[in-house]
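Below you'll find the structure, written out as structure tokens, and then a few comments.
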Amino acid sequence: MTTLQSVPALGTHPAAGSLPSRAETREQLSKATYDLLVIGGGILGISTAWHAAQSGLRVALVDAGDFAGATSSASSKLLHGGLRYLQTGAVKLVAENHFERRAVSRQVAPHLANPLTFYLPVYKGGPHGAAKLGAGVFAYSALSAFGDGVGHLLSPAKAAQDVPELRTDGLKAVAVYGDDQMNDARMALMTVRAAVEAGATVLNHAAVTGLRFTDGRVTGADLKDGTDGTEFGVNARLVLNATGPWVDHLRRMEDPNAAPSIRLSKGAHLVLKRTSPWKAALATPIDKYRITFALPWEDMLLLGTTDEEFEGDPADVAVNDKDTDQILDEAAFSIRDQQLKRELITYAFAGLRVLPGGPGDTAKAKRETVVTEGRGGMLSVAGGKWTTFRHIGRTVMGKLAALPGRPLSEDMAPVSSLPKKLPLPGIANPHAVAHRLLVDGGTPGPRMAADTARHLATHYGSLSFDIARMAYESPELAERIHPDAPEIWAQVAYARDHEWAETADDVLRRRTTLTIRGLATDEIRGRVETMLADRA
């Protein structure tokens, strides 16, 4: 049984201090010399900054856009072992993924992750038979030490009770297994917060305009604040390029002749209103290598994903008509037509997987992390899976410690000495948090609506009580942002004061779910912008 941090007693939860102003942060970044400058605020850079700060290094983290503003908030929202890797014989990889998945969902961030049962339908004429898939899900659950139950086969009739929109024509059996789900943007933001609590200095919306060199080695970066155009710089003993799809762009700043090191694969998703409740997710085999997902997520249905090579400016990645057609057509293998009507689509998003350079089908390429060192000494890290974000951070730290002729290893704690399962801020049993919010609002004030209480508990954990206190002290902040969403206006104020939100999209797309629900109206956007401008 996992022991979770208890819910703070009423009135005892410490209120978080407001963030320093951008001007104060810029001044701090400009005046200090950091041990490590991490460029790129996706989960890979965030995790590295978190682990580096834990190890005692003086760390700065910057991003041209918002934290998790690109690929890291455009994933399939899964923490998973990788069922498809079993057919390639990657048993050790699946076991390692399961270890990380369980650690995150049970000890590190149980308030941000939740278990999800998957049904894998076996249709007549499909790419895999029932016996093969039955054996596969059993082996998959065994590699997870049966922590999510025993993988098994289920009758079509029972599966249809849990997933009413499941297509049963030609359905022979359903294989069952377990993984976990999250809101990727919220997980990333909590990891940023953990890095800051460990001592890191962070700034989003700060784009690198050039690298700084000393005797031919990269020793910092020049930046431009995207909010007001202020130019400033950061000096560091070592610079880490964790810019994801832009990794080669930054490598060419270091060396104009740098050869390409990665290739990109586009993954598109659709978000739809659900026509009925789902008690399980669907993972439907499309061919020997690909699976399409249908996931109940944030009271919606998430469909995807695609996997095709992408060329061009990563900033231009978007869902097109071809992607939409493909996702809906593939979903139709296992989902009834009434759930796939285009008018149910509330949002579409696409991200770019960063894969090692080389030939071949991107769907078959390994999702591995690659660390390289440039001629100016800048380290570049790219690739990997959301599930293993903690492992990636530790791996990069190991690379830093092993660099020849570098003094960093003298100042940093050994990677092996870092806490193995250090929790993210707000850790608490989300059911206990939701219960407290339902009973007494977490404050002396009125109790909270059930859907809002559940939403806060599973997106902030015990930090929900800070938001509840803001709503109690300013009753207008207790109002819903939109009648069809659980969020309240206190979350906007909290995002502004404690979560580095600078733009309406920062709030509506990544710190709340208004955009993905299709509810980010012009009126709401305008009010959010007004609140962001009204900083203390």
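Worth a mention:
- Cβ-Cβ distances below 9 Å connect the following pairs, each with a first residue in the stretch 496-513 that is within 22 Å of Glu298 (Cα to Cα), a second residue that is hydrophobic (A, V, I, L, M, F, W, C) and at pLDDT below 95, and a separation of six or more residues or different chains: Glu499/Leu19.
- In the set Pro127, Pro121, only one residue is farther than 30 Å from Pro423 by Cα and not in a strand (DSSP E or B); that residue is Pro127.
- Whenever a residue of the stretch 150-171 is over 18 Å from Arg336 (Cα atoms), its partners that are open to solvent by 80 Å² or more (accessible area, probe 1.4 Å), lying with C-beta atoms within less than 6 angstrom and at least six residues away or across chains, give the pairs Gly151/Phe138.
- Residue in the stretch 132-150 that is open to solvent by 10 Å² or more (accessible area, probe 1.4 Å), among the β-branched types (Val, Ile, Thr) and in a loop (DSSP other than H, G, I, E, B) present: yes
- Some residue of the stretch 332-350 being more than 24 Å from the chain's Cα centre (by Cα), farther than 17 Å from Ser73 by Cα, crowded, with 18+ Cβ neighbours inside 10 Å and of a type in the set (S, T, N, Q): yes
- In the stretch 464-487, the residues that are under 18 Å from Lys273 (Cβ atoms) form Cβ pairs under 8 Å with partners that are basic (Lys, Arg) and open to solvent by 10 Å² or more (accessible area, probe 1.4 Å), at six or more places apart or across chains, as follows: His482/Arg517; Asp484/Arg517; Ala485/Arg517; Pro486/Arg454; Pro486/Arg480; Glu487/Arg480.
- Single residue of Ala236, Ala268, Ala259, Ala206 found to be out of contact with any helix residue (DSSP H, G or I) (no Cβ under 9 Å at 6 or more places or on another chain) and either among the hydrophobic types (A, V, I, L, M, F, W, C) or crowded, with 21+ Cβ neighbours inside 10 Å (or both): Ala236
- Subset of the stretch 506-536 (residues that are assigned to a helix (DSSP H, G or I) and polar (S, T, N, Q)): Thr530
- The numbered conditions (1) open to solvent by 10 Å² or more (accessible area, probe 1.4 Å); (2) assigned to a helix (DSSP H, G or I) are all true for Gln491 except (1).
- When the stretch 157-172 is filtered for residues that are surrounded by fewer than 20 Cβ atoms within 10 Å (Cβ to Cβ) and assigned to a helix (DSSP H, G or I), the ones remaining, listed by number, are Ala157, Lys158, Ala160, Gln161, Asp162.
- Within the stretch 269-291, the presence of a residue that is among the hydrophobic types (A, V, I, L, M, F, W, C), touching a residue at least 40 places away in the same chain (Cβ under 8 Å) and part of a helix (DSSP H, G or I) is excluded.
- Residue in the stretch 355-363 that is outside any loop (DSSP other than H, G, I, E, B), of a type in the set (Ser, Thr, Tyr), at pLDDT below 95 and in contact with an Asp or Glu (Cβ under 9 Å, 6 or more places away or on another chain) present: yes
- Any hit, the stretch 41-51, residues being crowded, with 24+ Cβ neighbours inside 10 Å and part of a loop (DSSP other than H, G, I, E, B): yes
- Scan of the stretch 443-489 for residues that are among the aromatic types (Phe, Trp, Tyr) and farther than 18 Å from Asn114 by Cα, ordered by number: Phe465, Tyr472, Trp489
The values are calculated or read from the model by the stated rules, or taken from the named source; none is laboratory data. The model shown is predicted, which means the values in this text are computed figures rather than measured ones. Neighbour counts are summed over all protein chains in view; Cβ atoms, including those assigned to glycine, are modelled from backbone coordinates with ideal geometry. Surface accessibility is based on the protein's heavy atoms, side chains included, excluding ligands, DNA and RNA. Shrake-Rupley method; radii C 1.70, N 1.55, O 1.52, S 1.80 Å.
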